[in-house]
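Have a look at the structure below before the remarks.
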Amino acid sequence: MVSRVIPVEPFDLVIFGGTGDLARRKILPGLFRRYCSGQMPRDARVIGAARTDMDETGYREMVAEAIREFGGGRACDDGTLDEFLGQIHYVSIDARGDSGWAELQDLMKGTDRVEAYYFSVAPGLFGDLAERLQSWGMADASARIVVEKPFGRDLRTARDLNATLARYFHETQIYRIDHYLGKETVQNLMAVRFGNMLFEPLWNSQYVDHIQITVAETVGVGGRGDYYDKSGAMRDMVQNHLMQLLCLIAMEPPARFDPDAVRDEKLKVIRALDPVEPHHIVRGQYLAEPGNEAAQPDYRTAVDNPRSRTESFVALKTAISNWRWAGTPFYMRTGKRMVARSSEITVVFKDTPHSIFGEEAGRHRNVLSIRLQPNEGITLGVTIKEPGPGGMRLIDVPLDMTFADALGPEGADQVDAYERLIMDVIRGNQTLFMRGDEVEAAWSWTDPIIEGWEARNDVPKPYDSGSTGPDAADQLMRRDGREWRKVSP
Ligand code: NAD
């Protein structure tokens, strides 16, 4: 099955931070793949803008290297790379000063294309960029800005940032990125929920026992120790990525698949979230990998802070106080240095009201699991008779819709989240981007949790590298007679 590619309008995309890690690993290779697929027009321009002192030739070399390292795609070849590089430009610019702005203004003057500015720089520069775009006459009504995470570190800073951006840009021009929303399966979650009659009638506390969301990483903090130690799993993952997944799984059906209709429903979920009780949350910090302490040290060594109280793991139980979900707990966990890299949302349905097969048939429940990575796909566990003679024994088997199997290699050659989201920016579609009030609501729920830890001087529990987190996280579920899904690669 080959996906249909609809070219976007001609555009100029300025990447502030165009020499940085994110630009090299995700944004530029992603744009190249869109170019190869025919979606990025042949006259679109990509303008790297960063503090690094470099000329256009040097930048093009850097871009080519990044693409070679981080991937073109099936449809890309060396000839296409040369063509693509011809559309790349570079301006050396200072977000906090005047240098480079006149040159950028010149480049952007007089075009009637879509203009987008990607803020792929440290968050401390977002306000400076917005202000300078306006003072140099580039913040006109048709311009769009793409803002990377983190969007604030608490409610106050997120509000300040929203207010700063709002001084120069209208909300319809601001694209706050959460790359989880660009994942194929995340959108499929909406297609499955709202495109099928089968699930929606069962999608409530009458039929759903509980929902769990796991985002497990095998990597540690790596070279981001300094940043991460000021942030932690709650700020870095739960407030944004896990919260967005929770919203999509729990929201009411929007009237239309349009930006505000979808985001209004997500906002209602966040506002209906119960505060988290201190005994419903577990924090952890990973230990060193035994025998490999130098390469894989413990969290505190990795962040160079022997007294750090920042969590690299969090597991929590919450609830949504509305008619649909009252009585259904939601469990979320995320952590670094866990046993496998796996992101999964699991909907566990209730037991049948009565088993006609008697006690010996055991307990069987339908489980719908939506797997974001790796092997994106959706699996529904159904109960059937164990084949063979000798009575009625029941087993659970998966109805598997791994996209790679169901859609064939072309269909499974999926578009990376970043490239999809950048194309949405150019198309002017904000559905998969967070609105300012959503981000603030998410911080309103997160802030008291973090403040509670600080007030109680809470110390994260150590957990083994390569495990599923501290034992207390398992206890959180077991107390309720439930189990986490196995974290498997
Ligand atoms: P980086 O440190 O690798 O790159 C920073 C870029 O900003 C460089 O191009 C640098 O030249 C430029 N820069 C720094 N100061 C500048 C100034 N005064 N004027 C103009 N340019 C300046 O950072 P990164 O990892 O690419 O991250 C960029 C943004 O993306 C950050 O907000 C980060 O939180 C976010 N982000 C990054 C990742 C990732 O995987 N790297 C993932 C999610 C979000």
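For the reader, a short list of remarks on this structure follows.
- Index of the failed condition, I370 passing every other in (1) at pLDDT 95 or above; (2) closer than 30 Å to I281 by Cβ: (1)
- Residue satisfying all of: in region 450-472; of a type in the set (V, I, T) and farther than 20 Å from E217 by Cβ; surrounded by the fewest Cβ atoms within 10 Å (Cβ to Cβ) among these: V459
Yes/no per residue for (1) farther than 30 Å from K109 by Cα; (2) within 16 Å of the ligand (Cβ to nearest atom); (3) part of a helix (DSSP H, G or I):
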{"site": "T157", "(1), (2), (3)": "yes, yes, yes"}
{"site": "L165", "(1), (2), (3)": "no, yes, yes"}
{"site": "V192", "(1), (2), (3)": "yes, no, yes"}
{"site": "P201", "(1), (2), (3)": "yes, no, yes"}
{"site": "D209", "(1), (2), (3)": "yes, no, no"}
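- Within region 104-126, considering residues that are closer than 30 Å to S231 by Cα and either exposed (fewer than 15 other Cβ atoms within 10 Å of the Cβ) or free of Cβ contacts under 8 Å to residues at least 24 places away in the same chain (or both), the one farthest from the ligand (Cβ to nearest atom): G124
- Residue in region 80-103 that is surrounded by the most Cβ atoms within 10 Å (Cβ to Cβ), counting only those that are in contact with a Phe, Trp or Tyr (Cβ under 8 Å, 6 or more places away or on another chain) and hydrophobic (A, V, I, L, M, F, W, C): F84
- Residue check for R34: buried (at least 20 other Cβ atoms within 10 Å of the Cβ), among the charged types (D, E, K, R) and either within 8 Å of the ligand (Cβ to nearest atom) or at pLDDT below 95 (or both): yes
- Residue list for region 88-103, filter: in a helix (DSSP H, G or I) and more than 11 Å from the ligand (Cβ to nearest atom): A102, E103
- Against the conditions (1) more than 21 Å from R176 (Cβ to Cβ); (2) within 15 Å of the ligand (Cβ to nearest atom); (3) in contact (Cβ under 8 Å) with a residue 40 or more places away in the chain, R25 satisfies every one except (1).
- From the list E293, E265, E217, the one residue that fits, being more than 18 Å from L368 (Cα to Cα), buried (at least 17 other Cβ atoms within 10 Å of the Cβ) and free of Cβ contacts under 8 Å to residues at least 60 places away in the same chain, is E265.
- Taking region 94-118 as the range and being closer than 15 Å to V46 by Cβ and hydrophobic (A, V, I, L, M, F, W, C) as the test, the residues that pass are L104, L107, M108, V114, A116.
- Any hit, region 168-179, residues being of a type in the set (A, V, I, L, M) and not in a loop (DSSP other than H, G, I, E, B): yes
- Scanning region 6-22 for residues that are within 16 Å of the ligand (Cβ to nearest atom) and out of contact with any Gly (no Cβ under 6 Å at 6 or more places or on another chain) gives L13, V14, F16, G17, T19, G20, D21, L22.
- Residue within region 133-144 that is assigned to a strand (DSSP E or B) and crowded, with 20+ Cβ neighbours inside 10 Å present: yes
The values are calculated or read from the model by the stated rules, or taken from the named source; none is laboratory data. Note that the structure is predicted; figures quoted are calculated from it, not measured. FYI the Cβ positions are ideal-geometry reconstructions off the backbone, even for glycines, and counts take in every protein chain you see.
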